[in-house]
Amino acid sequence: MTSPSRFVVPALIGVGLMGAFYHLLSLPWFALVCVLMAIEVWTLVNKHQGDTLSETIWALNARPLVPFLFAVFATLLLERNVIPSTPEGLWVAFALGGLFGHLFFSRQCE
């Protein structure tokens with residue numbers, strides 16, 4: 001039997017993240033984050049092992065083109081002012097950097 005804290009703690013973390021995203025992002029970006037979080041929750045509770053968003057990108061990460069395309073995407077977001085030069089934009093850029101670190105650099109430690 002699994003301990004209830006195994007479900008409660010991630011749920012609280014998710015609620016905290018969604019609250020932060022709600023305050024930092026515009027409505028379209030917040031909607032995108034909500035969709036991605038819903039997909040992630042589904043991958044955590046379904047019967048397939050190793051199909052979370054991170055694990056899928058880690059599998060694709062064997063090809064050097066994948067991190068390069070993510071970097072191009074992030075550069076376009078900054079260059080097109082989708083991520084504005086404001087304090088909120090700084091937090092979004094910081095979150096993107098943390099996400100990219102999780103997706104690409106932490107995988108290299110295995």
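Starting from segment 73-90, take each residue that is within 17 Å of LEU27 (Cβ to Cβ) and list its partners that are exposed (fewer than 10 other Cβ atoms within 10 Å of the Cβ), counting only C-beta distances under 8 angstrom and pairs at least six apart or across chains.
Listed pairs, sorted by first residue: none to list.
Give segment 45-54 a look and list any residue that's assigned to a helix (DSSP H, G or I) and exposed (fewer than 13 other Cβ atoms within 10 Å of the Cβ), or say none.
Passing the criteria: only VAL45.
Name the residues in segment 10-44 that are surrounded by 14 or more Cβ atoms within 10 Å (Cβ to Cβ) and part of a loop (DSSP other than H, G, I, E, B), would you?
Scanning segment 10-44 gives a single hit, LEU25.
Being out of contact with any strand residue (DSSP E or B) (no Cβ under 8 Å at 6 or more places or on another chain) and within 22 Å of PHE105 (Cα to Cα): is that true of ARG6 here?
Taking the combined requirement at face value, the residue does not satisfy it.
Which count do you get for residues in segment 55-86 that are assigned to a loop (DSSP other than H, G, I, E, B), closer than 20 Å to GLY101 by Cβ and of a type outside the set (S, T, N, Q)?
Final tally of qualifying residues: 4.
Can you tell me which residue is nearest to SER85 (Cα to Cα) among those in segment 4-26 that are under 17 Å from the mean Cα position of the chain (by Cα) and among the hydroxyl-bearing types (Ser, Thr, Tyr)?
Going through the qualifying residues, I end up with SER26.
Read the figures in this text as sums done on the coordinates, not as results from a lab. Since we're looking at a predicted model, the values are computed, not measured. All Cβ positions, glycine included, derive from the backbone under ideal geometry; neighbour counts span all protein chains shown.
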